[in-house]
1. Spelling out what I want: for every residue of the stretch A:31-38, take phi, set θ = phi - 60°, compute 6.51 cos²θ - 1.76 cosθ + 1.60 (Karplus), and round to whole Hz; glycine and proline get x.
2. Would you calculate the separation in nanometres between label points at B:A71 and A:T294, each defined as 7 Å from the Cα along the Cα-to-beta-carbon direction?
3. If you average over every viewing direction, what projected area does the convex hull of the Cα atoms of the stretch A:96-178 give, in nm²?
4. Using a basic spin-label model with each label point 7 Å from the Cα along Cα→Cβ, how many nm lie between B:L150 and B:V86?
5. Can you compute the radius of gyration and Dmax for the stretch A:65-132, using only the Cα atoms, both in Å?
6. Tell me, what is the FRET efficiency for B:K2 and A:F264 to the nearest 0.05, using R0 = 56 angstrom and their Cβ-Cβ distance as r?
7. Mind checking the stretch A:245-310 for trypsin sites (Lys or Arg not before Pro) that DSSP puts in a loop (not H, G, I, E or B) and that have at most 13 other Cβ atoms within 10 Å?
8. Using Cα positions and a limit of under 16 Å, work out the aspartates and glutamates in reach of B:K67, with same-chain residues fewer than 8 apart set aside.
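Derivation of every value follows stated rules applied to the coordinates shown; laboratory data play no part. Worth saying up front: this structure is predicted, and the values here are computed from it rather than measured. Ideal geometry is used to build each Cβ from the backbone, glycine not excepted, and the neighbour counts take in all protein chains shown.
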Amino acid sequence: MSPDAPEGEARIVTERLAKRFGAFTAVNEVSFSVRRGEIMGFLGPNGAGKSTLIRMLCGLLRPTSGRAEVAGLDVARNPERVRAVIGYMSQKFSLYNDLSVIENLRFFGGIYGVRGKRLAERVEFAIEMAGLAGRADTAVADLSGGWKQRLALGCAVLHQPPILFLDEPTSGVDPTSRRRFWDLIYALSEQGVTVLVTTHYMDEAEYCNRIALINRGRLVALGSPSELKRGAAEGRLLLVECDDVGPLLEALESAPGVRDVAPFGSSLHLLVDDPAADIPKIERFLAARGLGWTRVEPIKPTLEDVFVRLVGDGRLEEATP
Amino acid sequence: MKARRVKAIAKKELIQVWRDPRSLMIALLMPLMQMALLGYGVNLDIKHIPVCAFDREASQQSQALLKRFQASNYFRVVEAVGSYQVLKDALDYGRCKLGVVIPPDFSERLVDLEAAPVQVVLDATDDNTASIGLGYAQEVVSGYSGDIQLVSWQRQGTLAQNPPAVVQSRVWFNEDLNSRNFVIPGVVAMVLALVGAQLTSLTISREWERGTMEVLISTPVTRMEVMTGKILPYFAIGLVDATLCLTIAVYWFEVPFRGALATLFLTTSLFLIVVLGVGYLISVAIHSQVGASQIALVVTLMPTMLLSGFAFPIDQMPWPIQAVTYLVHSRYYVTILKAVFLKGSGLVALATPISLLALYAAAIAFLAARAFRKTLD
């Protein structure tokens with residue numbers, strides 16, 4: 001686990017960044033860096049500290065200790081200069097519901113100092129990007145979730161910020177809209193925009209260049225999705241398919257060679273040391289106890305396996321919308 | 001401070017007010033309703049006090065005196081009673097506020113030019129009405145006795161020898177002693193204080209409540225720009241409201257306006273800065289719209305009602321309360337408005353309250369500019 005970006009110019013750097021609210025530690029000494037054009041995903045359960053972290057990077061919360069730099073600027077010392085070079089989509093709704101599409105865009109244009117011909121171009125671009133052509137005068141309140149999210153992104157990038165913070169941008173949006181949203185993020189990344197995005201969707205995390213796994217304020221793993229999967233469990237994960245998960249789950253916890261058992265729908269994932277030797281042992285173990293199964297076979301781990309393994313005590317809350 | 005950002009915020013704010021029925025009602029309907037309610041409701045004039053007459057003589061003279069009560073605007077003789085008991089009941093049941101008792105030897109004593117006592121019994125549960133009623137009753141009786149004296153002097157031909165000293169009173173500024181003239185300028189101050197604070201109390205809390213504040217403070221906008229952009233549109237609305245209220249005062253309630261429009265505009269602008277600033281400060285502190293609006297109501301309504309001199313004269317208050325009135329923003333504006341309306345006072349005569357109001361506005365603007373913080377901590 002390396003805190004440094006693999007290559008390129010670091011645009012976001014934190015060193016032992018921490019935030020405490022009274023006795024509660026929301027973010028606990030987190031260090032990482034994100035390079036130019038990279039899409040960095042923060043994956044973790046609700047309340048893990050993702051939003052607190054992003055708010056510190058936007059200068060909305062003062063770090064209790066540690067340091068954070070955005071575009072080479074210390075966020076605690078230069079919050080205003082940081083704000084000029086970032087775009088931010090908050091977890092809460094970021095747009096004015098009672099304003100129309102065009103009124104929202106013009107408002108943010110005015111706030112960010114985008115004017116004249118450039119404003120017209122950017123507004124047109126944002127409307128196009130959000131798929132709202134011909135609906136510029138619609139009140140935002142009347143738009144569906146996917147449109148609102150894309151428009152919020154349009155507002156956040158109206159001033160073409162080199163760094164973009166997105167806090168759970170696709171929560172509550174249907175899968176098609178989520179996919180469209182990610183296409184936009186890829187396009188921005190290709191133009192060199194650095195993106196830091198939080199999510200609790202596993203599939204979404206797979207889209208990121210690198211993932212930081214965060215739990216209870218701590219950074220528990222950092223790497224590309226394939227790195228994480230390799231490092232955590234690859235080659236040592238078994239799938240057990242069965243009719244009734246409950247009794248097997250309980251029994252397998254004390255089975256020989258099994259280090260961890262986790263239910264995945266109507267099957268179980270077992271973490272073992274040596275799959276080749278362990279499969280027959282497990283089959284014998286289950287047969288001896290009269291427990292039925294359909295099959296036991298090695299599988300490739302998913303990010304959820306990594307997460308379950310590293311976070312330990314369970315999976316993501318609200319993993320499905 | 002960048003004009004472009006201020007303009008963006010002000011424009012957004014105006015659109016939001018225009019589309020929010022609640023804000024629109026506060027901005028346009030509330031001043032009208034308040035002017036009507038308070039303008040008609042707060043009436044300090046005491047007229048047509050119900051009177052019971054206990055005429056124990058029933059002579060031409062006693063009836064003449066009672067006719068004077070009846071003829072006066074201040075009284076209305078509602079009942080003639082035949083005993084003290086009935087008179088007491090009439091007062092108890094509230095059928096009258098005042099009883100006039102004329103003794104059985106009233107006309108005899110008058111003929112003898114003796115002092116003829118007339119008893120006045122008052123219901124003093126409302127001491128203000130009672131003492132004013134007593135004053136008017138004394139006036140009626142002394143007018144009557146003066147005329148009697150005049151007649152007897154004429155008969156005796158001694159008129160020229162003994163002219164009594166007479167007070168000739170001239171009432172200035174509110175010649176008709178019409179309390180409406182005195183109350184309405186205060187009502188205007190009250191309406192502006194109320195509406196102004198209500199309007200801005202929603203402006204910051206609305207953004208917190210709807211979640212838009214988080215994005216707004218993540219932009220490079222400064223707190224001065226936020227304050228200016230948020231207050232400017234309400235200042236314009238406030239001026240519209242002020243014009244509306246003052247027009248109603250002059251053309252509907254017919255309060256004489258003797259001052260200069262420029263003085264009125266200047267002082268109204270200062271007062272608007274104060275009340276809008278107070279609402280803004282509340283809005284910054286309270287992150288819920290309902291909460292902010294409630295606090296704005298309490299903070300402006302009670303002090304303005306009781307301590308601004310709008311209805312209760314400040315110099316009649318005990319000194320600790322008088323000291324507190326200096327903190328009440330509407331005190332200065334009420335003083336100024338009354339003077340500009342009724343006396344036609346100008347900037348020089350009003351230098352003290354205007355400078356104090358300006359000082360107040362500067363202090364509130366200073367606090368408002370510093371109050372808003374662009375953090376979630």
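1. Once rounded to whole Hz, the list reads 10, 6, 9, 10, 8, 4, x, 7.
2. Between B:A71 and A:T294, the label points sit 11.2 nm apart.
3. On the way: hull surface 21.6 nm².
Taking the Cα atoms of the stretch A:96-178, their convex hull projects to 5.4 nm² on average.
4. Rounded to a tenth, the inter-label distance reads 3.4 nm.
5. Gyration radius and largest Cα-Cα distance of the stretch A:65-132: 14.8, 43 Å.
6. 0.55
7. A:R289
8. B:D55, B:E57, B:E79, B:E139, B:D147
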